[in-house]
Ligand SMILES: Cc1ncc(C[n+]2csc(CCOP(=O)(O)OP(=O)(O)O)c2C)c(N)n1
Ligand SMILES: [Mg+2]
């Protein structure tokens, strides 16, 4: 059967189990999506088209691939805007498939913006379908990369969507994705080092979530009796009510990173970024790096020993090796973790119960934890104080009960993440917690929630300014010239968003936080989105990243 490239792509997407595609018009593949009955989730800008698909891949840990389309080719306006979304997906290593128009033969070099050069720097692979009959080949290669190895975005450019080929010549078969298992002798050495340590620490990264290895991580930690910290992006990889869980950030995490002599990193590159820890005194510690990608060995800090392979196979092999040995004595590991947590979290637990006005943001987070079924909900943060505060205190009990994101943190991603979570788990409550800057980015896209009947709650920590990074509003590191915007005294955002059709409330009383959240969740259950503006204090207080001079 002769079909056109666009139709071929769409049929292959269906074979690969893709059941919706996010978009912002115009892409020449879109009409084939419509004709073939593959639903489109139409966002209100190209960056969000990418971000929703990206977040869907993250939240489902790559078990379902998010796919988006945006405008490219000679008039690559959509791509120029989508670039921000793609750059973040690439930075964070998200396996999202982006389909765009390629520059047609004969038009190369006409425009100033170089599509190929731009896309190559922010993708695991940029494929250009230069002949229609190569469509199955390129799609096969794309899904292989999306499902194998270190995750990252793939961009496919289609220069001629209406060109035809015979789909029976190279019939498409869905791609499984392949994983690697570690060298057994590396596993033995890793266990020698781990069990020989005085103060071992497990440092878990997002690779654990992508490998679906949370249970194996828990089993290894228990078997070896080793405390665990997770990265921001791996928050939830380890149950945060577990007696061996130390935290993501905060004084207790600083304490454990400082005192550890052996760190077993699993599914993390250990790259010290803006939103991750540096390893203090790294050269004096023994670092065991378990990662799928050899490019992370000896990247920034000396790696004493590496175990290369998929995190689940690695953790299983480590478990098996540990179980054959004399384990570490129980000692008082668990009691020490509890004492360190109690000490580190004391000041936050206090403000979580605060009755002060304006409302302390931690009161909102504490009440949110009470209202939600933490095993059946999704919460994400924004760039700014909401990230810093939530990642300090929010208890995450299941993988992706919370999405931590942003090696670089592009404002506005929380709405995309909440949309993707609702698509992935329609029965779970889905909450985006944002400040005013994040809200500004998402305003144009709020219509999507109404149109698509996505029962999501946007929680606005309305503090009247951009706290941003570090102390923000006050103290050393304060940015005195760029934090003031119109705040809750000047504009009532609950009326603005309410006029769109959201259920909205503006909450000034601490005692009203829980009732307001409950009302929001109730309307969400019927598919109506909600926006709750909590009038909060400026409170830039949260756990620090270790090995950095500022927060
Ligand atoms: C796209 C983008 N541009 C700039 C930044 C830098 N930035 C980080 S947080 C922030 C302001 C956050 O203010 P707000 O949303 O009010 O949150 P708050 O810190 O007050 O909680 C800015 C400008 C960013 N993260 N993303
Ligand atoms: Mg603010």
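For this structure, a couple of remarks:
- Gain in span if fully extended, residue 339 to residue 356, counting 0.36 nm per residue against the direct Cα distance: 3.4 nm
- In this label model, residue 481 and residue 376 are separated by 5.3 nm, measuring between points 7 Å along each Cα→Cβ vector.
- Across all Cα pairs in the chain, the calculated P(r) in 20 Å bins from zero up to the longest distance comes to 22, 52, 25, 1 percent per bin.
- Built from the Cα atoms of segment 114-228, the convex hull projects on average onto 10.6 nm², one quarter of its surface area.
- In summary, the convex hull built on the alpha carbon positions of segment 179-313 has an orientation-averaged projected area of 7.2 nm².
- Global geometry of segment 391-471, whether rounded, prolate or oblate, following the gyration tensor of its Cα atoms and the 1.5 cut on a/c: oblate
- 37 °C / 0.692 mPa s Stokes-Einstein diffusion coefficient of segment 242-374, Kirkwood radius on C-alpha pairs, µm²/s: 187
- For the pair residue 199 and residue 349, a Förster radius of 25 Å applied to the C-beta separation gives a FRET efficiency near 0.45, rounded to the nearest 0.05.
- Ranked by the mean number of other Cβ atoms within 10 Å of their residues, highest first, the peptides 385-398, 279-292, 517-530 come out as 385-398, 279-292, 517-530.
- Cut-off 15 Å, label 7 Å out along Cα→Cβ of residue 261, residues of segment 173-202 by amide N: 192-201
- Segment 371-433-segment 1-75 distance, computed between alpha-carbon centres (Å): 24
- Percent of beta bridges antiparallel (DSSP, the chain, rounded to nearest 5): 5
- Theoretical FRET efficiency, 1/(1+(r/R0)^6), r = Cβ-Cβ of residue 323 and residue 525, R0 56 Å, to 0.05: 0.80
- More than 15 Å apart - percent of Cα-Cα pairs taken over segment 259-318: 45
- Residue-averaged [θ]222 nm for the chain, counting only DSSP H segments that reach four residues, each worth -39500 (n - 2.57): -11000 deg cm²/dmol
- Rounded, prolate or oblate (a/c below 1.5 giving rounded, otherwise prolate when a/b exceeds b/c) for segment 93-170 by Cα gyration tensor: oblate
- Length gained when the stretch residue 281-residue 294 is fully extended (0.36 nm per residue, less Cα-Cα span): 2.4 nm
- Set of segment 46-89 residues, backbone N closer than 18 Å to the point 7 Å along the Cα-Cβ line of residue 427: 60
- Computed from the Cβ-Cβ distance with R0 of 22 Å, the FRET efficiency linking residue 453 to residue 44 stands at 0.85.
- With the convex hull drawn around the C-alpha atoms of segment 1-133, the volume per residue stands at 103 Å³.
- Extension reserve of the residue 128-residue 112 stretch, reckoned as 0.36 nm per residue once the Cα distance is removed: 3.9 nm
- Pairwise label distance in nanometres, residue 170 with residue 185, each label 7 Å out on the Cα-Cβ vector: 4.0
- Our summary of shape: the Cα atoms of segment 1-79 have principal axis extents of 37, 31, 17 Å, ordered from largest down, in whole angstrom.
No value in this document is a laboratory result; all are computed from the given coordinates. Quantities reported herein were computed from a predicted structural model and do not represent experimental measurements. Ideal geometry is used to build each Cβ from the backbone, glycine not excepted, and the neighbour counts take in all protein chains shown.
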